[in-house]
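The structure appears below as structure tokens.
The values are calculated or read from the model by the stated rules, or taken from the named source; none is laboratory data. This structure is a prediction, so every number in the text was calculated from the model and none was measured. All Cβ positions, glycine included, derive from the backbone under ideal geometry; neighbour counts span all protein chains shown. Ligands, DNA and RNA are stripped out before the accessible areas are found, and what is left, the full protein with its side chains, is counted by its heavy atoms. Shrake-Rupley method; radii C 1.70, N 1.55, O 1.52, S 1.80 Å.
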Amino acid sequence: KSLLARRVSAACGGRRFEALLTKFSAPEELFGPLSLRALEADRYERATAGYLPTCTVAFLDEVFKANGAILNALLTVLNERVFSNGQGPERCP
């Protein structure tokens, strides 16, 4: 499965993101760590560069083993291609 995702990503020429999800997966693994610069400015935002919200091809292995918090966050990303980051939504490719 992962080889197929890599090949599709190479054919599309886009950025690839891969993750193996478990019931212990944290949102930081998918959406990026909290931005310390934003926290200093009293904003709660994630640094999403290189993570799921900025990729064009995503391979999420064993997605249904993820916990409820991850699945709820993935719902809007997968359905609407929008990630709620801080004070405003972030469009996903």
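Structural remarks
- Answer residue from region 19-28, given it is of a type outside the set (D, E, K, R) and either touching a Leu at 6+ places or on another chain (Cβ under 9 Å) or closer than 22 Å to CYS55 by Cα (or both) and is most open to solvent (accessible area, probe 1.4 Å) among those: LEU20
Conditions (1) within 16 Å of the chain's Cα centre (by Cα); (2) among the small types (Gly, Ala, Ser); (3) over 26 Å from ASN67 (Cα atoms), marked per residue:
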{"position": "LYS1", "(1), (2), (3)": "no, no, no"}
{"position": "ALA11", "(1), (2), (3)": "no, yes, yes"}
{"position": "GLU29", "(1), (2), (3)": "yes, no, no"}
{"position": "PRO33", "(1), (2), (3)": "yes, no, no"}
{"position": "ASP42", "(1), (2), (3)": "no, no, yes"}
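- Restricting region 66-93 to residues that are over 17 Å from ALA26 (Cα atoms) and touching a residue at least 24 places away in the same chain (Cβ under 8 Å), the residue that is least open to solvent (accessible area, probe 1.4 Å): CYS92
- Looking only at region 55-65, and only at residues there that are surrounded by 17 or more Cβ atoms within 10 Å (Cβ to Cβ) and not small (Gly, Ala, Ser), the one that is nearest to GLY13 (Cα to Cα): VAL57
- Members of region 29-50 found to be open to solvent by 70 Å² or more (accessible area, probe 1.4 Å), touching a residue at least 12 places away in the same chain (Cβ under 8 Å) and within 22 Å of PRO93 (Cβ to Cβ), listed by number: ALA49
- So LEU60, is it touching a strand residue (DSSP E or B) at 6+ places or on another chain (Cβ under 8 Å) and hydrophobic (A, V, I, L, M, F, W, C): yes
- The residues in region 6-18 that are open to solvent by less than 70 Å² (accessible area, probe 1.4 Å) and at pLDDT 85 or above can be counted, and the count is 2.
- For region 29-75, a residue qualifies if it is in a strand (DSSP E or B), under 24 Å from LYS1 (Cβ atoms) and not aromatic (Phe, Trp, Tyr), and the qualifying residues are VAL57, ALA58, LEU60, ASP61.
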